[in-house]
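To start, the structure itself, in structure tokens.
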Amino acid sequence: MIVSVEIDLSESFKAYDVRGIVGATITAEAVEAIGAAFVDVLGLAGQDVLVGGDMRPSSPEFSAAFARGAAYRGANPKMLGLISTDELYFAAGSLNCAGVVFTASHNPAAYNGIKMAKAGAVPVSSDTGLYDIRDLAQSYLDEGLPVSTEAPEGAISELDVLADYSAYLRSLVDLSGIRPLKVVVDAGNGMGGLTTPAVLGDSILPGLPLEIIDLYFELDGTFPNHPANPLEPENLRDLQAAVIKHGADIGLAFDGDADRCFVIDELGDPVSPSAITALVAVREIARAQAAGETTPVIIHNLITSRAVPEAVSAAGGHPVVTRVGHSFIKAVMADEGAVFGGEHSAHYYFRDFYNADTGMLAAMHVLAALGQQETPLSEFAAEYEPYVSSGEINSEVEDKAGAVDRVLASYDGEPVEVSHMDGTTVKATDGSFWFNLRPSNTEPFLRFNGEAVDQKTMESIRDSVLNIVRNNA
């Protein structure tokens with residue numbers, strides 16, 4: 001029975017998942033209550049519930065606590081053990097079960113959290129039950145679990161999905177006939193250290209024409225080598241150096257829970273997630289058209305490169321833009337029947353993967369595309385990067401709306417178009433540049449993303465907008 005503890009779950013429940021500091025804002029007692037509430041809110045009594053976790057030291061304890069709470073409320077927890085986030089999505093989709101994975105993704109070692117999915121890998125977000133789970137779990141923490149339950153207590157069992165996950169991914173992308181490739185993979189001591197050998201190696205299935213050079217495959221949730229966040233350039237340094245040292249064809253970097261993948265070319269330079277989105281989109285369009293679809297739909301968020309919708313249209317697909325955030329992408333993927341979706345943050349979504357995101361499947365597409373021709377990755381990827389991007393730049397601003405108004409006033413009368421989908425986007429009517437300003441919901445930051453036809457134009461737009469935003473104009 002849960003005893004009352006001084007935990008405020010609103011501190012760890014975010015819009016799309018749960019993230020907290022172990023022992024402070026997320027504890028085993030809280031997790032047990034969350035497990036019970038997960039079953040009650042989603043009506044899972046009598047059903048199987050999938051439970052897995054990443055390599056963080058607290059994940060086994062939290063997985064066990066969640067299972068206790070879920071079983072108490074009548075569900076039958078299936079313990080998946082060590083899994084990546086996309087393994088959970090695979091299991092939830094292929095088994096048509098709801099489930100959770102304990103992970104804090106790229107956050108530091110002191111953190112842990114929960115990503116949740118309904119049956120079919122449908123996401124659980126603030127709009128689809130996450131806050132209801134939070135509120136009910138809070139009441140269970142404060143008042144204790146009800147003594148009686150309509151369903152008998154469930155049974156806890158174990159289930160290993162790694163082999164099925166690996167076989168399924170290999171069924172979606174055939175790498176057996178590509179030219180030999182030397183691939184450096186930086187798992188960052190995260191779950192990519194488990195999934196990469198299973199999918200790209202020969203530990204479970206017959207080997208592929210890939211020479212894998214591993215960096216930091218040891219599962220260690222204290223992250224002794226570098227943070228498992230490839231979005232930060234500093235965390236790519238070891239991978240870049242290893243690609244050059246070994247004369248590799250490509251480098252891959254996974255974040256802590258391995259649902260995102262970043263790509264390095266043979267020169268040690270990053271390939272933008274927008275270029276990867278365009279590259280994979282073209283492949284998925286061709287595959288869908290070969291299966292009889294006339295105009296396959298591709299989803300991209302509004303701050304991916306303009307090259308993405310251009311490449312999609314040129315390949316005969318239909319680009320659909322959406323807001324930033326995986327819940328928006330997944331919802332539009334389902335509504336539109338889209339074959340693929342990509343974000344600037346290196347999240348890649350596939351219809352054949354239950355509309356969920358998987359860094360490994362995106363990496364396999366890149367390996368297949370690279371291995372089916374002789375051009376080095378730097379030249380091949382350049383076809384999908386015709387524009388110059390600023391990257392995301394944060395400015396600490398208290399009056400975010402006022403800063404945006406000042407920027408818009410500076411373009412009054414200029415030949416631009418303004419959109420207010422997800423922040424404010426300003427596009428030059430001659431196509432020479434665009435930029436977006438998005439306020440953070442949780443921090444005093446205004447986020448700038450911009451793109452232009454050349455470096456000089458991009459720098460000019462970037463500097464002038466940031467000067468205005470930061471009150472230096």
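The values are calculated or read from the model by the stated rules, or taken from the named source; none is laboratory data. Everything numeric here is computed off the predicted structure, so don't read it as measured data. Every residue, glycine among them, receives a Cβ derived from its backbone with ideal geometry; neighbour counts consider all protein chains shown. Just the protein is used for accessible areas: all its heavy atoms, side chains included, with ligands, DNA and RNA removed. Shrake-Rupley method; radii C 1.70, N 1.55, O 1.52, S 1.80 Å.
Some observations on this one:
- Residue within the stretch 119-129 that is farther than 30 Å from R287 by Cα, of a type in the set (A, V, I, L, M), open to solvent by 30 Å² or more (accessible area, probe 1.4 Å) and out of contact with any Ser or Thr (no Cβ under 8 Å at 6 or more places or on another chain) present: no
- Any hit, the stretch 278-300, residues being outside any loop (DSSP other than H, G, I, E, B) and at pLDDT below 95: no
Conditions (1) among the acidic types (D, E); (2) open to solvent by 10 Å² or more (accessible area, probe 1.4 Å); (3) within 18 Å of the chain's Cα centre (by Cα); (4) under 25 Å from E451 (Cα atoms), marked per residue:
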{"site": "F254", "(1), (2), (3), (4)": "no, no, yes, no"}
{"site": "A258", "(1), (2), (3), (4)": "no, no, yes, no"}
{"site": "F262", "(1), (2), (3), (4)": "no, yes, yes, yes"}
{"site": "E266", "(1), (2), (3), (4)": "yes, yes, no, yes"}
{"site": "I276", "(1), (2), (3), (4)": "no, no, yes, yes"}
{"site": "A281", "(1), (2), (3), (4)": "no, no, yes, yes"}
{"site": "A286", "(1), (2), (3), (4)": "no, yes, no, no"}
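- Matching residues, the stretch 387-412, being open to solvent by 70 Å² or more (accessible area, probe 1.4 Å) and either touching an Asp or Glu at 6+ places or on another chain (Cβ under 7 Å) or within 22 Å of V453 (Cβ to Cβ) (or both): S389, E392
- From the options Y131, Y140, Y111, residue that is among the aromatic types (F, W, Y), at pLDDT 95 or above and more than 26 Å from the chain's Cα centre (by Cα): Y140
- Subset tally (residues that are in a loop (DSSP other than H, G, I, E, B), open to solvent by 20 Å² or more (accessible area, probe 1.4 Å) and of a type outside the set (A, V, I, L, M, F, W, C)) for the stretch 307-324: 2
- Restricting the stretch 288-306 to residues that are open to solvent by less than 20 Å² (accessible area, probe 1.4 Å) and over 21 Å from the mean Cα position of the chain (by Cα), the residue that is farthest from V418 (Cα to Cα): A288
- Scanning the stretch 359-366 turns up no residue that is at pLDDT 95 or above, at negative phi, within 27 Å of the chain's Cα centre (by Cα) and surrounded by fewer than 17 Cβ atoms within 10 Å (Cβ to Cβ).
- Contacts under 8 angstrom Cβ, first residue in the stretch 334-350 being over 20 Å from R260 (Cα atoms), partner part of a strand (DSSP E or B), 6 or more apart: E336/V297; E336/I299; E336/V320; G337/V297
- Residues that are part of a strand (DSSP E or B) and either farther than 20 Å from H326 by Cα or not small (G, A, S) (or both), drawn from the stretch 92-134: V100, V101, F102, Y111, N112, I114, K115, M116, P123
- Restricted to helices (runs of 4 or more DSSP H) entirely inside the stretch 355-461, those with at least 1 residues that are within 30 Å of F90 (Cα to Cα) are 359-371, 377-382.
- The residues listed here are Y168, Y89; of these, the one that is crowded, with 18+ Cβ neighbours inside 10 Å and either in a helix (DSSP H, G or I) or of a type in the set (G, A, S) (or both) is Y89.
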